[in-house]
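Asks: My questions will all concern the structure given below.
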Amino acid sequence: MRNLREKFHKIYSYLTSETKTYFSPGRVNLIGEHIDYNGGLVFPAAIDLGTYGVVNARTDRFFRFYSLNFTEDGIIETDIDHLEFEKKHNWANYVKGIISELITRKYKIEHGFDLLVYGTLPTASGLSSSASLELLTAWICNEMYQLNLSREYLALLSQHVENNYMGMHCGIMDQLVIAKGSKNRALLMNTATLKTTAVPASFEGYEWVIMNTNYPRKTTDSKYNERRRECDLALSIIKKYKKVDYLCELSENDLIKLKPHFDDLKIFNRAYHAVTEQARTLQSKTAMENNQPQVFADLLIASHESLKNNYEVTGFQLDTIVYSAIKHGAIGARVTGAGFGGCAIALVPKKDVQKFHTLVGNDYHAKTGLKASFYDVTFVNGVDSYVD
Ligand code: GLA
């Protein structure tokens, strides 16, 4: 991203040798969906679409925030003593939430900063634009106030802010992969222990294509929190009969044996998704190690079906784009992220990618009236400084 320092200069009318630039990636999840809050194994990667930040420390207690994506909000101003959530501060609440939480945890923050951000992630598309902004802010604070916090700590802090300040009860996947992503690799992430292993996540001759339905995920937060509550309920039923901490500790057989104890089939189905998705992620790890693209692709399709039928987080637009992708050359495809709109991914033979964009784009448009977008991304390192 070029010229962001110039933009900073234009907005704030100064630039110094101390003005720093940073990049925080977005994320795509290959498989292991909606199990990062059930102690499951997930398989995300940090991507080269993300959030850029240009920042300069101030000597007083004021903060100024400006986003090139929300120019209508103008410069948002506040100070160290006024960091509570305010609806009118829109995107800047993520930034305020991080600073506020650091202060609550007694880290020494005695002066403010001026920040300009620019995001290349489409908002509300399931590619984690909010976690990207949280980690950007956490990283900036870590460097500016010399806090010496680990990447894992910054991820947990950001998740805490998303859960308690923003009210979205997400798991740890997005924040942890944005903190710890690895170039050309995806992270196998055990969300019960937070252990991550970077693995090459590509198949010779195939490409990962991200497909944006451009159907915004309007009800995502409330529906997402509802799914979490349903999983908690399922776990509380199971705990009466079996000693477990997380749904993903159960095998499919264990769960089926407990089915008579569920009065509500819907709650059983939520748990069934979690347990089988865990098994699929484990199998996908083996498929990756054994270089079996079709095995991996079949797991993607099975994951989508379970998210559609058992977990009910897909919907007409996502189902349409996924089925269209499979019809027009992808060997596998599925929703990625929270669902209810946003993006899906497809594994496509490299030689067919251009044709694939056109065929799926036309088909999807004919069926939904919406224009899809396609992104060919690369997998990158976690949040860090960046030379503009
Ligand atoms: C959102 C959340 C993640 C994860 C996914 C679904 O992206 O932020 O924690 O639960 O949905 O897998």
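Asks: Could you identify the single residue in Asn225, Asn290 that is under 26 Å from Ile326 (Cα atoms) and surrounded by fewer than 19 Cβ atoms within 10 Å (Cβ to Cβ)?
Replies: It is Asn290.
Results for (1) small (Gly, Ala, Ser); (2) closer than 30 Å to Asn362 by Cβ; (3) out of contact with any helix residue (DSSP H, G or I) (no Cβ under 9 Å at 6 or more places or on another chain); (4) touching a residue at least 12 places away in the same chain (Cβ under 8 Å), shown as yes or no for each residue.
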| position | (1), (2), (3), (4) |
| --- | --- |
| Lys242 | no, no, no, yes |
| Asn253 | no, no, yes, no |
| His273 | no, no, no, yes |
| Met288 | no, no, no, yes |
| Gln317 | no, yes, no, yes |
| Gly337 | yes, yes, no, yes |
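Asks: Could you check, for region 190-206, whether at least one of its residues is within 20 Å of the chain's Cα centre (by Cα) and within 30 Å of Asp363 (Cα to Cα)? Steps first, answer last, please.
Replies: Let us first name the residues in region 190-206 that are within 20 Å of the chain's Cα centre (by Cα), namely 190-202.
Next cut, within 30 Å of Asp363 (Cα to Cα) only: 201-202.
Checked region 190-206: at least one residue is within 20 Å of the chain's Cα centre (by Cα) and within 30 Å of Asp363 (Cα to Cα).
Asks: Also: How many residues are farther than 30 Å from Ala138 by Cα, surrounded by 15 or more Cβ atoms within 10 Å (Cβ to Cβ) and touching a residue at least 24 places away in the same chain (Cβ under 8 Å) if we restrict to region 339-366?
Replies: Of the residues in region 339-366, 11 are farther than 30 Å from Ala138 by Cα, surrounded by 15 or more Cβ atoms within 10 Å (Cβ to Cβ) and touching a residue at least 24 places away in the same chain (Cβ under 8 Å).
Asks: Sort out which residues of region 130-183 are aliphatic (A, V, I, L, M), more than 11 Å from the ligand (Cβ to nearest atom), over 15 Å from Gly97 (Cα atoms) and crowded, with 22+ Cβ neighbours inside 10 Å, and write them in order of number.
Replies: Ala179
Asks: Select, from Asp352, Asp384, the only residue that is of a type in the set (Asp, Glu), at pLDDT 95 or above and closer than 30 Å to Ala179 by Cβ.
Replies: The conditions single out Asp384.
Asks: Given the condition among the acidic types (Asp, Glu) and touching a residue at least 60 places away in the same chain (Cβ under 8 Å), answer yes or no: does some residue in region 120-142 qualify?
Replies: No, there is no match, as no residue in region 120-142 is among the acidic types (Asp, Glu) and touching a residue at least 60 places away in the same chain (Cβ under 8 Å).
Asks: Would you point out which residue out of Gly112, Gly97 is in contact with a Ser or Thr (Cβ under 9 Å, 6 or more places away or on another chain), touching a residue at least 60 places away in the same chain (Cβ under 8 Å), surrounded by 18 or more Cβ atoms within 10 Å (Cβ to Cβ) and among the small types (Gly, Ala, Ser)? Give the steps one after another, and end with the answer.
Replies: Numbers: Gly112 fails: touching a residue at least 60 places away in the same chain (Cβ under 8 Å).
Answer to the check: Gly97.
Asks: With Tyr215, Tyr224 as the choices, which residue is in a helix (DSSP H, G or I) and modelled with pLDDT under 95?
Replies: The conditions single out Tyr224.
Asks: Next question, about the same structure. Pull out all pairs, ordered by first then second residue, where Cβ-Cβ is under 9 Å, the residues are six or more apart or on different chains, the first lies in region 29-41 and is closer than 14 Å to Leu127 by Cα, and the second is part of a strand (DSSP E or B) and near the ligand (Cβ under 10 Å from one of its atoms).
Replies: If the second residue must be part of a strand (DSSP E or B) and near the ligand (Cβ under 10 Å from one of its atoms), the pairs left are Asn29/Val42; Asn29/Pro44; Leu30/Val42; Leu30/Pro44; Ile31/Val42; Glu33/Val42; Glu33/Val335.
Asks: Here's something else I'd like to know. Could you please find all residues in region 160-184 being under 15 Å from Tyr224 (Cα atoms) and not small (Gly, Ala, Ser)?
Replies: Passing the criteria: Glu162, Asn163, Asn164, Met166, Met168, His169, Cys170, Ile172, Met173, Asp174.
The values are calculated or read from the model by the stated rules, or taken from the named source; none is laboratory data. Source: prediction; values computed, not measured. Cβ sites come from the backbone with ideal geometry, for glycine too, and all protein chains shown count toward neighbours.
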